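Notes to accompany the following structure.
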Amino acid sequence: MSNVGWAKSILEKVFSAGVDEIILCPGARNAPFVEALSQWKSGKLYSFFEERSAAFFALGRIAQIRRPVAVITTSGTAVANLLPAMVEAHYAGLPLLAITADRPKSFRGTGSPQTIIQPGIFSSYAKFLGDLEKGDEWTGEIQTSSHLNVCFDEPLVD
């Protein structure tokens, strides 16, 4: 399965879990999600260039629509910019889903650019849903302030 096909299958589970609004912060590593979402017609898609603002916008959308909203980011320090909103979501009981693209797990600890330890970055402020590589399954369950980390290998898109 291609990365884009895998991203589509993950997004299908996200949609079936009740998400119909996605805030996308496009980048190189999350290109499979960008490509998959380019064909999505059934919900609302917002694009932001800055992750911290995107996550707080998502909190506002959750408060307005009373449904979970997902924020999708690229890898590295982009993920860390979601922390303030994840803390707010945790204490407010809002279902914010952070979907973070990542490099393959084998890159961790090697000094590879934009490779930080993303799993667990939100500590106790988010339920950690998984650190997925191709072939891994995710149940599609979203709880208050949740984190799904998705490791893509090269080539990112076909």
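The values are calculated or read from the model by the stated rules, or taken from the named source; none is laboratory data. Note that the coordinates shown come from a computational prediction; the quantities given were computed from them, not determined experimentally. In this analysis, Cβ positions are derived from the backbone assuming ideal geometry, glycine residues included, and neighbour counts consider all displayed protein chains. The accessibility values were calculated without ligands, DNA or RNA, using every heavy atom of the protein model including side chains. Shrake-Rupley method; radii C 1.70, N 1.55, O 1.52, S 1.80 Å.
Given the criterion at pLDDT below 95, open to solvent by less than 40 Å² (accessible area, probe 1.4 Å) and of a type outside the set (A, V, I, L, M, F, W, C), identify the matching residue among GLY130, GLY135, GLY109.
Checking each option against the conditions leaves just GLY130.
Looking only at segment 87-106, which residues are of a type in the set (S, T, N, Q) and open to solvent by 10 Å² or more (accessible area, probe 1.4 Å)?
Once the filter is applied, which keeps residues that are of a type in the set (S, T, N, Q) and open to solvent by 10 Å² or more (accessible area, probe 1.4 Å), segment 87-106 yields only SER106.
Give the residues of segment 59-81 that are open to solvent by less than 40 Å² (accessible area, probe 1.4 Å), more than 12 Å from THR100 (Cα to Cα) and in contact (Cβ under 8 Å) with a residue 40 or more places away in the chain, sorted by residue number.
Correct list: ARG61, PRO68, VAL69.
Name the residue that is farthest from GLN118 (Cα to Cα), counting only residues in segment 25-58 that are free of Cβ contacts under 8 Å to residues at least 60 places away in the same chain, crowded, with 21+ Cβ neighbours inside 10 Å and among the hydrophobic types (A, V, I, L, M, F, W, C).
Only one residue fits best here, namely ALA36.
Name the single residue, out of those in segment 139-158 being in a loop (DSSP other than H, G, I, E, B), hydrophobic (A, V, I, L, M, F, W, C) and under 13 Å from the mean Cα position of the chain (by Cα), that is surrounded by the most Cβ atoms within 10 Å (Cβ to Cβ).
First, pick out the residues of segment 139-158 that are in a loop (DSSP other than H, G, I, E, B): 139-145, 152-158.
If we keep only those that are hydrophobic (A, V, I, L, M, F, W, C) as well, we get 142, 152, 156-157.
Then keep just the ones that are under 13 Å from the mean Cα position of the chain (by Cα); that gives 142, 152.
Values: ILE142: 22, PHE152: 25.
Looking at the filtered set, the residue picked out is PHE152.
Of (1) open to solvent by 50 Å² or more (accessible area, probe 1.4 Å); (2) at pLDDT 95 or above; (3) out of contact with any strand residue (DSSP E or B) (no Cβ under 9 Å at 6 or more places or on another chain), PRO84 satisfies all except one. Which?
Among (1) open to solvent by 50 Å² or more (accessible area, probe 1.4 Å); (2) at pLDDT 95 or above; (3) out of contact with any strand residue (DSSP E or B) (no Cβ under 9 Å at 6 or more places or on another chain), PRO84 violates only (1).
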